Number of protein chains: 2
Amino acid sequence: MSIRENFENNLEEVNRKITEMGEQTIVALERAFKALKTQDVEIALKVIEGDTAIDNLEKDINEFAIWLVAKEAPISRDLREIISVLKISTEIERVADFAVNIAKATIKIGNTKSLLEITHLEKMKELSIEMLRKALQSFLDENILLAIEVGDLEDEVDEYSSETYKKLTTYLSDHPEETNQLVQLLFVNRFLERTADHITNIAESTAYLIKGQIYDFNS
Amino acid sequence: MSIRENFENNLEEVNRKITEMGEQTIVALERAFKALKTQDVEIALKVIEGDTAIDNLEKDINEFAIWLVAKEAPISRDLREIISVLKISTEIERVADFAVNIAKATIKIGNTKSLLEITHLEKMKELSIEMLRKALQSFLDENILLAIEVGDLEDEVDEYSSETYKKLTTYLSDHPEETNQLVQLLFVNRFLERTADHITNIAESTAYLIKGQIYDFNS
């Protein structure tokens, strides 16, 4: 096998790990939200336990990437690709942390009788998962158009988040007896907004890889 | 100059940048808190503007570290040191982001007449800054005892955070007319708790560098 083939095989290996990390994170987000919606503490605990596997994948990816840099001393585009891998794995790990945070909020809400309707939060969760799928596909296929779409979807999440903040705080003023639940839902709203931010960072890293220049899809 | 001397000079250069990033972040935290306490939107805006310089320092450090790995192909302890630098700069950047988040909360609170007494939050800010100083000193001097002290201080921050959460939500139930301010203070409470978590990660990276094994000071 040539040195080049070997390097590309190593990159494919690390990309497989990135995909695996992304898939586990999507499962974590879906589960965390299911736990929240059905007020199921058991599922919430599973999300928290499952996070170790995602953290370990990130560590594997980081060590593998650094090892690859030390071994191959890559330059220009190859080096950019490895830097992107390091950045993207960090961002996915942070998204997974937000799934854990949602699970923890679910546990804090506990068995409150009347859970507020959470349609907007659910929509934000769905948009975030769509964004994550697109961001990862964009990275794997080096497709800049998909990366741009991620930035557009983030604007939608931001709008939902502002609306939800207003709705929840207004409701809170009228229903102080439900403070605990509402404060936790306000946190969840923030976690989802931040989730979308970090997924947008993945798209920006991908755009940097493809075009070699820095993008800011957040503004 | 020998290759070894050259490598050590490069490490010193990157450590100077880490110190600079830490100092700017401490200034950001102090300013953000001053803005919150005095409800000064101008100072809050300065914190937000100043964050670009900290982000740029992180980028410099990352690029320098990756360049050093590619150039020197370091192994064992040298490689561990560079990985620590990458991790620590990421954590400092996240701490600086929390200063920005506190500044944004300050802007959202605006000119609410009666700002709630925020003694506990101030104490958490002070502890966080003490932790950050110790964590950076621990890294620069390779002093494991300082790293352990950081973990102990984090427990204090966590206790203050739980108390503050209870205090603020109880007050919120009784004063729904102050929902906006109180929700923002709840967020600030969370930001400070997370700040302490990330500083503890710096201490853990330092412990990993010194001892070559992974520590968890959070548990």
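General remarks:
- A:VAL100 fulfils the conditions (1) open to solvent by 30 Å² or more (accessible area, probe 1.4 Å); (2) within 12 Å of the chain's Cα centre (by Cα); (3) not basic (Lys, Arg) except for a single criterion, (1).
- Those residues of segment A:1-30 which are hydroxyl-bearing (Ser, Thr, Tyr) and surrounded by fewer than 17 Cβ atoms within 10 Å (Cβ to Cβ), in sequence order: A:SER2, A:THR19
- Single match in B:SER138, B:SER173, B:SER205 (criterion: small (Gly, Ala, Ser), under 26 Å from A:HIS175 (Cα atoms) and either open to solvent by 10 Å² or more (accessible area, probe 1.4 Å) or more than 14 Å from chain A (Cβ to nearest Cβ) (or both)): B:SER173
- Some residue of segment B:55-67 being of a type outside the set (A, V, I, L, M), open to solvent by less than 40 Å² (accessible area, probe 1.4 Å) and farther than 21 Å from A:ILE66 by Cβ: no
- Meets criteria (touching a residue at least 12 places away in the same chain (Cβ under 8 Å), more than 11 Å from chain B (Cβ to nearest Cβ) and either at positive phi or open to solvent by 30 Å² or more (accessible area, probe 1.4 Å) (or both)) for A:ILE88: no
- Evaluation of B:PHE217 against the conditions (1) away from chain A (no Cβ under 14 Å); (2) assigned to a helix (DSSP H, G or I); (3) in contact (Cβ under 8 Å) with a residue 12 or more places away in the chain shows that the sole unmet condition is (2).
- Only one of A:GLU159, A:GLU177 that is charged (D, E, K, R) and either at pLDDT 95 or above or under 19 Å from the mean Cα position of the chain (by Cα) (or both): A:GLU159
- Selection from segment A:68-80 of residues that are free of Cβ contacts under 8 Å to residues at least 24 places away in the same chain and outside any helix (DSSP H, G or I): A:ALA73, A:ILE75
- Residue match in segment A:123-133 (condition: farther than 18 Å from A:ALA96 by Cβ and either open to solvent by less than 70 Å² (accessible area, probe 1.4 Å) or not in a loop (DSSP other than H, G, I, E, B) (or both)): yes
- Any hit, segment B:183-200, residues being closer than 15 Å to B:SER89 by Cα, within 11 Å of chain A (Cβ to nearest Cβ) and in a helix (DSSP H, G or I): yes
- Matching residues in segment B:47-58 - criterion: being within 14 Å of chain A (Cβ to nearest Cβ) and under 22 Å from A:LEU79 (Cβ atoms): B:ASP55, B:ASN56, B:GLU58
Table: residues versus (1) within 11 Å of chain A (Cβ to nearest Cβ); (2) under 20 Å from B:THR195 (Cβ atoms); (3) part of a helix (DSSP H, G or I).
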position: B:ALA32; (1), (2), (3): no, yes, yes
position: B:LYS37; (1), (2), (3): no, yes, yes
position: B:GLU42; (1), (2), (3): no, no, yes
position: B:LEU45; (1), (2), (3): no, no, yes
position: B:ASP60; (1), (2), (3): no, no, yes
position: B:ILE66; (1), (2), (3): yes, no, yes
position: B:ILE82; (1), (2), (3): yes, no, yes
position: B:VAL95; (1), (2), (3): no, yes, yes
position: B:ASN111; (1), (2), (3): no, no, no
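- Being surrounded by 15 or more Cβ atoms within 10 Å (Cβ to Cβ), among the β-branched types (Val, Ile, Thr) and more than 19 Å from B:ASP60 (Cα to Cα) holds for only one residue in A:THR106, A:THR112, and it is A:THR106.
- Selection of segment A:1-60 for residues being among the polar types (S, T, N, Q) and within 21 Å of the chain's Cα centre (by Cα) yields A:ASN15, A:THR19, A:GLN24, A:THR25, A:THR52, A:ASN56.
- Breaking point among (1) on the phi > 0 side of the Ramachandran plot; (2) in contact (Cβ under 8 Å) with a residue 40 or more places away in the chain; (3) small (Gly, Ala, Ser), for B:ALA65: (1)
- A:ILE26 vs. criteria aliphatic (A, V, I, L, M), out of contact with any Ser or Thr (no Cβ under 7 Å at 6 or more places or on another chain), modelled with pLDDT under 95 and under 23 Å from A:ALA203 (Cα atoms): no
- Condition check for B:GLU178: touching a residue at least 12 places away in the same chain (Cβ under 8 Å), over 23 Å from B:ARG31 (Cβ atoms) and within 13 Å of chain A (Cβ to nearest Cβ): yes
- Yes/no for A:ILE75 being within 18 Å of the chain's Cα centre (by Cα) and within 14 Å of chain B (Cβ to nearest Cβ): no
- Test: A:GLU159 is within 30 Å of A:LEU11 (Cα to Cα), free of Cβ contacts under 8 Å to residues at least 24 places away in the same chain, assigned to a helix (DSSP H, G or I) and acidic (Asp, Glu): no
- Boolean, A:THR164 is within 12 Å of another protein chain (Cβ to nearest Cβ), over 19 Å from the mean Cα position of the chain (by Cα) and over 19 Å from A:VAL100 (Cα atoms): no
- In summary, B:LEU209 fulfils each of the numbered conditions (1) farther than 21 Å from B:ALA96 by Cβ; (2) without any contact (Cβ under 8 Å) to a residue 24 or more places away in the chain with the single exception of condition (2).
The values are calculated or read from the model by the stated rules, or taken from the named source; none is laboratory data. Values in this document were obtained by computation on a predicted structure and should not be read as measured data. Heads up, the Cβs are rebuilt from the backbone with ideal geometry, glycines too, and the neighbour counts pull from every protein chain shown. To get the accessible areas, we keep the full protein, side chains included, count just its heavy atoms, and leave off ligands, DNA and RNA. Shrake-Rupley method; radii C 1.70, N 1.55, O 1.52, S 1.80 Å.
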